[in-house]
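> Have a look at the structure that comes next, please.
The values are calculated or read from the model by the stated rules, or taken from the named source; none is laboratory data. Values in this document were obtained by computation on a predicted structure and should not be read as measured data. Heads up, the Cβs are rebuilt from the backbone with ideal geometry, glycines too, and the neighbour counts pull from every protein chain shown.
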Amino acid sequence: MNWRIVSSLLVIGLILLFGISLIEPASGNSLSANTQILAPPADISGFVRAIDPWDWQFPRDHGAHPAFQTEWWYYTGNLATSQSRRFGFQFTIFRRALAPPAATRGDSEFRANDMYLAHFTLSDIEGGRFHHDLRYARGGAELAGATVDPVYRVWLEDWQVQAEDDAATQTRITAASADFAIDLRLRQVKAPALQGDRGLSPKSAQIGNASYYYSLSRLLTEGRISIGAEVFAVTGATWMDHEFSTSALGENARGWDWFGLIFDDGSELMVGQIRLVDGGIEPAFGGLLILPDGSARQLSAEQIHIDIHNTWRSPHSEAVYPAGWDIAIDAPEAFRITVTPLMADQELHDADIIYWEGAVSVSGDKIGYGYAELTGYAASMQNRF
């Protein structure tokens, strides 16, 4: 559900378009000096839209889909040391095409038809600190990209996810900021779970307002977290989402609440709600319950009931966010849970779009940990996409 980043990428693309100049290298330098940064198109007609169910093939579909305008690879995890010190992390790399592939021209390694943005956060629960950083780069000259040749790899400079086997069932995430870093190995234990109708996830009633969307809902994780000079050996579980689309939100969407939850009984749950400007909930978007054996149950919006029982006011943006939820699922495997933030302040307040994304715990009929993402509270998302 990382549509928030699209607006940031548009701004970044325009900055690069008007703010980058390139000096011709000296004669004999083999590096081409033909920089081509294309402006974001107002017309999406040259891009493919998400209309019919996708023909999924893995590991191919872990890679980029350049026929679509927007794409992201999203990892969130809850980890702990052997002494039960808890951490949460988010690592997202986002691609935004500035023009349809057919409009691409020239053979310079500086030509950039795609912009990439990465968000990297670390929640130190015991320390009460929320660390966050952001990077962006054009897709040219190997600065950033996504590929499955020879193996799955998504990167922005030295922040990257890379497969350690041909099937991409074992991956490694490495990222380092000024005062925090992660080096984590992830092992896939369930097949990709297809959201919506065989991976076609509608976001409104309008045809084409949808994404292709799958989740790796339980990636067993181990590795190291660094905060300053301290290094922590950690284990836990990570959730991965990969989505690609050309248009998504309807024109009346104000924002959304999204949850990716990993339960101790071996099941996982994605639920969300798109909030409308009139106070209603978009009925087209629902959720997915993934059972311990990897089979999945699609959930309609009518089967998901989310009630807020607490709020938190940001000292940074003054936005008031939900800060505790009671969630009831009406399905053959009906259950009720309470979701609670592991710490209050997990707001990214220095991005173009201010939003809350953080580690949460789960109690009730199921117990576990997960992540929540909340947008449209600091400012409406209406007409942002």
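> Determine the pairs where a residue that is at pLDDT below 95, located within the range 338-351, has a partner that is outside any strand (DSSP E or B) and not β-branched (Val, Ile, Thr) with Cβ atoms under 8 Å apart, the partner being 6 or more residues away or on another chain.
Listed pairs, sorted by first residue: 349/314; 349/316; 349/317; 349/378; 351/4; 351/8.
> Could you please give the count of residues in the range 283-304 that are farther than 18 Å from residue 372 by Cβ and not basic (Lys, Arg)?
Total meeting the criteria: 12.
> Just checking, how many residues over the range 202-241 are over 30 Å from residue 97 (Cα atoms), part of a loop (DSSP other than H, G, I, E, B) and hydrophobic (A, V, I, L, M, F, W, C)?
Result for the range 202-241: 1.
> Quick check: anything in the range 129-145 crowded, with 22+ Cβ neighbours inside 10 Å, within 16 Å of the chain's Cα centre (by Cα), of a type outside the set (Phe, Trp, Tyr) and in a strand (DSSP E or B)?
no
> Kindly indicate whether any position in the range 242-260 is under 21 Å from residue 366 (Cα atoms), of a type in the set (A, V, I, L, M), touching a residue at least 12 places away in the same chain (Cβ under 8 Å) and part of a strand (DSSP E or B).
Looking through the range 242-260, none of the residues is under 21 Å from residue 366 (Cα atoms), of a type in the set (A, V, I, L, M), touching a residue at least 12 places away in the same chain (Cβ under 8 Å) and part of a strand (DSSP E or B).
Residue-wise test of (1) of a type outside the set (A, V, I, L, M, F, W, C); (2) not in a strand (DSSP E or B).
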{"position": "321", "(1), (2)": "yes, no"}
{"position": "326", "(1), (2)": "yes, no"}
{"position": "332", "(1), (2)": "yes, yes"}
{"position": "339", "(1), (2)": "no, no"}
{"position": "343", "(1), (2)": "no, yes"}
{"position": "350", "(1), (2)": "yes, yes"}
{"position": "353", "(1), (2)": "no, yes"}
{"position": "358", "(1), (2)": "yes, no"}
{"position": "361", "(1), (2)": "yes, no"}
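> Taking the residues in the range 284-319 that are in contact with a Phe, Trp or Tyr (Cβ under 7 Å, 6 or more places away or on another chain) and hydrophobic (A, V, I, L, M, F, W, C) as candidates, determine which candidate is nearest to residue 366 (Cα to Cα).
306
> Within the group 84, 30, 45, 21, which residue is part of a loop (DSSP other than H, G, I, E, B) and at pLDDT 95 or above?
84
> Would you be able to tell me the number of residues in the range 177-192 that are in a strand (DSSP E or B) and not basic (Lys, Arg)?
Total satisfying the criteria: 7.
> Another question, then. Being within 16 Å of the chain's Cα centre (by Cα), surrounded by fewer than 23 Cβ atoms within 10 Å (Cβ to Cβ), at negative phi and assigned to a strand (DSSP E or B): is that true of residue 174 here?
no
> If we keep just the residues of the range 201-236 that are at pLDDT 95 or above, of a type in the set (A, V, I, L, M) and touching an Asp or Glu at 6+ places or on another chain (Cβ under 9 Å), which is nearest to residue 300 (Cα to Cα)?
Here the residue is 216.
> Go through 96, 153 for me and flag whichever is modelled with pLDDT of 95 or more and under 18 Å from the mean Cα position of the chain (by Cα).
Every option except 153 fails the conditions.
> Confirm whether residue 187 is closer than 27 Å to residue 269 by Cβ and free of Cβ contacts under 8 Å to residues at least 40 places away in the same chain.
Judged against the criteria, residue 187 is a match.
> Hey, among 344, 319, 331, which residue is at negative phi, in contact with a strand residue (DSSP E or B) (Cβ under 7 Å, 6 or more places away or on another chain) and surrounded by 16 or more Cβ atoms within 10 Å (Cβ to Cβ)?
The unique qualifying residue is 344.
> Further question on the same structure: Filtering the range 43-100 down to residues that are in contact with a helix residue (DSSP H, G or I) (Cβ under 7 Å, 6 or more places away or on another chain) and more than 25 Å from residue 193 (Cα to Cα), which residue is surrounded by the most Cβ atoms within 10 Å (Cβ to Cβ)?
98
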